[in-house]
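Engineer: Got a structure for you, questions after.
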Amino acid sequence: TDKDVQNAGDPVIGASMGVAGGQSRSEDEESLCVKDIKRTATQAFGSGVPKRRSSSRSIKRKKFDDELVESSLVKSSSRVKGPTVIEPIHYSGSEPSSVEKKKVSKSGGALTPPLTMVLNSAPMPKRVKKSKQPMHITKDLGRWKPTDDLLLINAVLQTTDLTAVHLGVKFSCRFSLREIKERWYALLYDPVISKLAWQAMRQLHPEAIAAIQSKALFSQAEQTLLAKIGSASQPKLDIFQELLSKHPSVFHPSRTPKSLMVHWQLLKQYYLLDDQSVQPLPKGDQVLNFSDAEQMVDDAKLKENRDEVLEHELMISDRHQKKEIRQLEQELPRWQVLVDNITGMSMPDFDNQTLAALRGRMVRYLMRSREITLGRATKDKQIDVDLSLEGPAWKISRKQGVIKLKNNGDFFIANEGQRPIYIDGRPVLSGNKWKLNNNSVVEIAGLRFVFLINLDLISLIKAEAAKMTQQ
């Protein structure tokens with residue numbers, strides 16, 4: 001017995017641990033069998049066999065003790081009846097060779113079981129692993145609405161082709177072909193998902209169900225019957241109604257004569273009727289549409305060879321031009337002073353009688369009274385400031401506005417014309433007035449003026465007004 005145990009157990013000691021005992025004839029023989037197994041195991045493990053490989057992961061598992069081992073031997077021996085058949089339990093994933101199987105079958109009648117099975121804890125309750133559903137199925141439960149499921153079922157029943165369903169059905173989300181296949185298989189074979197989907201579809205409103213069924217794809221049989229109607233004829237709804245009544249089993253229950261007529265027109269548009277034939281493409285360089293022209297373009301010819309020398313010269317030229325522009329912008333104020341000195345448009349030398357000046361691009365108007373009128377002079381009516389001398393004034397009213405000097409030294413402009421007057425970009429509408437400051441820009445119908453105040457004279461006026469108030 002020891003010799004058989006050593007021959008059978010030496011190759012497989014380090015692989016796995018498990019035992020299946022044979023049926024003993026008496027209690028003494030069974031106890032002797034257990035003692036021989038323990039003794040042989042201690043000899044084998046002490047002879048330098050490498051230790052059992054274990055995973056580095058920390059798995060929380062109850063430890064085996066001697067009582068569980070003893071009970072496992074007793075239960076395994078009591079279950080087996082008749083001739084002894086030893087079935088090894090593998091935990092390491094390696095199956096026994098044919099030589100080992102022969103040794104197992106030969107040693108079946110012996111009292112001592114071979115060491116290919118070393119101590120198995122059979123009575124330990126096995127952990128029942130929770131059946132985890134695939135992540136992609138549980139993840140898509142929220143994306144797939146009951147209307148999508150109903151659309152999918154109707155389309156598959158009509159076409160029996162998931163690719164056609166992917167191309168022809170408009171779902172609430174843009175599902176890929178793979179997602180549609182997974183959803184269809186889940187509805188067929190997953191009891192949990194199919195039950196949930198069925199309950200959700202039953203809660204849909206009848207009108208929603210009818211709307212979804214009206215969008216069902218046309219089957220091949222339906223298109224075959226519609227294609228028999230000639231393209232030269234102009235069928236009316238009565239013909240499609242007759243077609244529905246003749247073939248009620250072919251057409252979908254939601255089909256109406258109007259829907260059949262619309263689909264027949266589509267078939268006619270794309271030359272899919274029986275009496276229509278697709279015209280062959282013309283040969284040669286004739287261009288039919290933009291996509292054909294795009295295919296004829298050679299991309300290699302569009303790519304221009306870069307001339308690095310030319311690009312470098314252009315970059316240097318651009319840099320010089322930008323530098324000249326910056327220099328001219330810096331010199332602009334000096335040139336403006338020269339122009340103003342020549343044209344007399346610089347800051348005027350006010351005399352003691354001029355309160356303010358309205359300077360334009362061409363002329364300059366002097367204000368020598370406390371109130372002046374602005375506008376367009378005519379033969380019948382003369383005004384103080386004729387704006388037509390500055391430029392085109394046909395849009396300006398004959399009396400556009402009035403500039404007044406108050407006793408406190410402030411100037412105000414009142415708009416009495418039809419068009420607005422802009423003071424520093426702010427519109428002054430008809431009937432309103434606005435305060436004028438020194439260097440204020442006055443714009444009337446496209447004509448711009450700068451309002452300049454004689455600050456020395458105004459300061460004297462303010463001083464006299466203050467003395468009058470004190471007296």
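Engineer: Looking at the range 221-231, can you tell me whether even one residue there is open to solvent by 90 Å² or more (accessible area, probe 1.4 Å), hydrophobic (A, V, I, L, M, F, W, C), at pLDDT 90 or above and part of a helix (DSSP H, G or I)?
Structural biologist: No - not one qualifying residue is present in the range 221-231.
Engineer: Evaluate the following for SER291: is it under 30 Å from TRP264 (Cα atoms), modelled with pLDDT of 70 or more and not hydrophobic (A, V, I, L, M, F, W, C)?
Structural biologist: Spelling it out, SER291 is indeed under 30 Å from TRP264 (Cα atoms), modelled with pLDDT of 70 or more and not hydrophobic (A, V, I, L, M, F, W, C).
Engineer: Name the single residue that is modelled with the highest pLDDT among those in the range 355-376 being in a loop (DSSP other than H, G, I, E, B) and open to solvent by less than 30 Å² (accessible area, probe 1.4 Å).
Structural biologist: LEU355
Engineer: Going through PRO348, PRO420 one at a time, which residue ends up being closer than 17 Å to ARG448 by Cα and either surrounded by 12 or more Cβ atoms within 10 Å (Cβ to Cβ) or modelled with pLDDT of 80 or more (or both)?
Structural biologist: Selected residue: PRO420, the only one of PRO348, PRO420 that is closer than 17 Å to ARG448 by Cα and either surrounded by 12 or more Cβ atoms within 10 Å (Cβ to Cβ) or modelled with pLDDT of 80 or more (or both).
Engineer: Moving on. Which of the residues belonging to the range 400-417 are part of a loop (DSSP other than H, G, I, E, B) and open to solvent by 30 Å² or more (accessible area, probe 1.4 Å)?
Structural biologist: LYS406, ASN407, ASN408, ASP410, GLU416
Engineer: Taking the criterion of being within 22 Å of ALA164 (Cα to Cα), in a helix (DSSP H, G or I) and either at pLDDT below 90 or open to solvent by less than 30 Å² (accessible area, probe 1.4 Å) (or both), would at least one residue in the range 200-208 satisfy it?
Structural biologist: No, the range 200-208 contains no residue that is within 22 Å of ALA164 (Cα to Cα), in a helix (DSSP H, G or I) and either at pLDDT below 90 or open to solvent by less than 30 Å² (accessible area, probe 1.4 Å) (or both).
Engineer: Being part of a loop (DSSP other than H, G, I, E, B) and either open to solvent by less than 40 Å² (accessible area, probe 1.4 Å) or of a type in the set (Lys, Arg) (or both) is the filter here, so list the residues in the range 379-399 that pass it.
Structural biologist: LYS379, LYS381, ILE383, GLU390, GLY391, ALA393, LYS395, ILE396, SER397, ARG398, LYS399, listed by residue number.
Engineer: Looking at PRO235, PRO253, can you tell me which residue is in a loop (DSSP other than H, G, I, E, B) and exposed (fewer than 11 other Cβ atoms within 10 Å of the Cβ)?
Structural biologist: Being in a loop (DSSP other than H, G, I, E, B) and exposed (fewer than 11 other Cβ atoms within 10 Å of the Cβ) holds for just one of PRO235, PRO253, which is PRO253.
Engineer: Go through the residues of the range 241-251 one by one and say whether even a single one is under 24 Å from TRP264 (Cβ atoms), out of contact with any strand residue (DSSP E or B) (no Cβ under 9 Å at 6 or more places or on another chain), basic (Lys, Arg) and at pLDDT 90 or above.
Structural biologist: Taking every residue of the range 241-251 in turn, at least one turns out to be under 24 Å from TRP264 (Cβ atoms), out of contact with any strand residue (DSSP E or B) (no Cβ under 9 Å at 6 or more places or on another chain), basic (Lys, Arg) and at pLDDT 90 or above.
Engineer: Test ILE342 against the criterion of being exposed (fewer than 13 other Cβ atoms within 10 Å of the Cβ) and modelled with pLDDT of 80 or more, and give yes or no.
Structural biologist: no
Engineer: Moving on. Determine if the range 442-463 includes at least one residue that is open to solvent by 80 Å² or more (accessible area, probe 1.4 Å), assigned to a helix (DSSP H, G or I), closer than 19 Å to PHE350 by Cβ and basic (Lys, Arg).
Structural biologist: yes
The values are calculated or read from the model by the stated rules, or taken from the named source; none is laboratory data. Quantities reported herein were computed from a predicted structural model and do not represent experimental measurements. Backbone-built Cβ (ideal geometry, glycine too); neighbour counts: all protein chains shown. Ligands, DNA and RNA are excluded from the accessible area calculation, which covers all protein heavy atoms including side chains. Shrake-Rupley method; radii C 1.70, N 1.55, O 1.52, S 1.80 Å.
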